[in-house]
Amino acid sequence: MTSPGIFIGYATADRAIAQEIAELLERRGYLVLWHTGFFAGAEDPEARKYMAKADTVIVIWTENAHHSAWVQAAANHALREGKPLIQIKAPNIDINSIPLPFRDLPIFDIEDRYSILRTLPDIFARRAAEPPTAAMPPEKPGFPPMAGAPPPAAARPEPQSQYWDIKAMLPEPELKHEEKPVRADATAFCPGKFRAGESELVQIIIHLKGRRAKALQLAREADTRTYFAAPSRGVGELETGDEISVQLDVRGAKVDDPPQKQVWQGEALTFGFGVTSNGQTRSVTVSAVVSINGIAIGRISFSRPVAHSFKLTDIFALLFQPRLSRFKHAFFSYARPDRQIVKKVAAQYEKYGISFFQDVLHLDPGERWEKRLYKEIDRCDIFVLFWSSSASKSEWVVKEAERAWRRNARTGGSRPTLTPEILEHPSPKPQQEWLREFHLDDPKFYRD
């Protein structure tokens, strides 16, 4: 035979499956030893002739095939003659129903047919260089010997292995969905004013950089009154599978929806929140904290007036455009037993370009640490409280948290952003009333 051929063994009822695989192989330039005049599921001298000539055997295991003596004969022939055997399994068949020894050998799922194509060049190259032989019991007793079969196994060289390990030849799989990180923006949308007593839609859309107009179109599908609440701001590079979450806090109104999480798949993500003003304040202040993979990377803050009807002066609210302020410096407050967890979280903050203060790393020997700690708390724009049983009993964790809480109150909630990392389930109950400002009983801040 001048070129290597492939024989396909299958049950008669599975001819359509076999034909699809044969056509796929032929399109790739392989010689498939079959023809439309016979069915391999039946006893046919022509089928035996093609099987004897073939260099490689493919068998298709289905509900029909595992009862077929012919399919088993084709598989036995490959092993006995030392030919590569490629087994394909239909998704609806239990692997335990495939007869021994074949179910203990490598088997491809039929959906993974392109992996088969990647093995064939290496199979033929190795076969040409040093054809292996195989030690295998004879076919089922009573099955007639094949025409043109080679001499008995005793006359052939001692086999080197029991079978060809087809999957071991499979090249390292390519990353089919490998994608480079893409730059993305965050854009805030809401109406120009909030109507007292009515729920207004605030939308934070994470989208590809430069897709601002499409983001507006997407936002207006949900609310025709919405408009840009700010220029688009960069959130950095995103990879497929990154988890993005948005938490909304407001003053002068209430948020109707809980924090939301979505997974980035390369398309725009919309985070929508209903915000209802009680009409008792002249404006509503909105603050949205954006997090990537559990790390808070920035905050979008803006205000909107509350009115009962449109006024000409409402247009001036559009002049005060919000922006995404990236966090620059974090302060970690924690108890010593939790240090290893803190180090892991610190690495994530560093990944997103947020510097941090951790006493064990940044305090010099002999430095007046109390004064330095308070200085760092006053400098940070996000205060992360690692809450656990140990932290609840730590005098200095409570002092640090109180310092941050008092500064947050003095600045009207703008600095620092107070963020808990709850390390235990359930969360230890704080003894101090003001610690409730950290939402220490909120499951959304649990760290898995």
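How do the pairs read when you match residues in the range 262-276 that are free of Cβ contacts under 8 Å to residues at least 60 places away in the same chain with residues anywhere that are acidic (Asp, Glu) and in a strand (DSSP E or B), using Cβ under 7 Å and keeping only pairs 6 or more apart or on different chains?
Final answer for the pair search is Val263/Glu243.
Quick check: anything in the range 222-235 over 18 Å from Ile300 (Cα atoms) and in a strand (DSSP E or B)?
no
Name the one entry in Arg403, Arg415 that is closer than 22 Å to Gly294 by Cα and either of a type in the set (A, V, I, L, M, F, W, C) or surrounded by fewer than 21 Cβ atoms within 10 Å (Cβ to Cβ) (or both).
Just a single option satisfies the conditions, and that option is Arg415.
Being part of a loop (DSSP other than H, G, I, E, B) and among the basic types (Lys, Arg) is the filter here; which residues of the range 252-282 pass it?
Result: Arg282, single match.
Could you identify the single residue in Gly241, Gly210, Gly266, Gly272 that is closer than 18 Å to Phe302 by Cβ, under 27 Å from the mean Cα position of the chain (by Cα) and among the small types (Gly, Ala, Ser)?
Gly272 is the lone residue from the list that is closer than 18 Å to Phe302 by Cβ, under 27 Å from the mean Cα position of the chain (by Cα) and among the small types (Gly, Ala, Ser).
Coordinate-derived values only; no laboratory data. Predicted, not measured: the structure shown is a model, and the values here were computed from it. In this analysis, Cβ positions are derived from the backbone assuming ideal geometry, glycine residues included, and neighbour counts consider all displayed protein chains.
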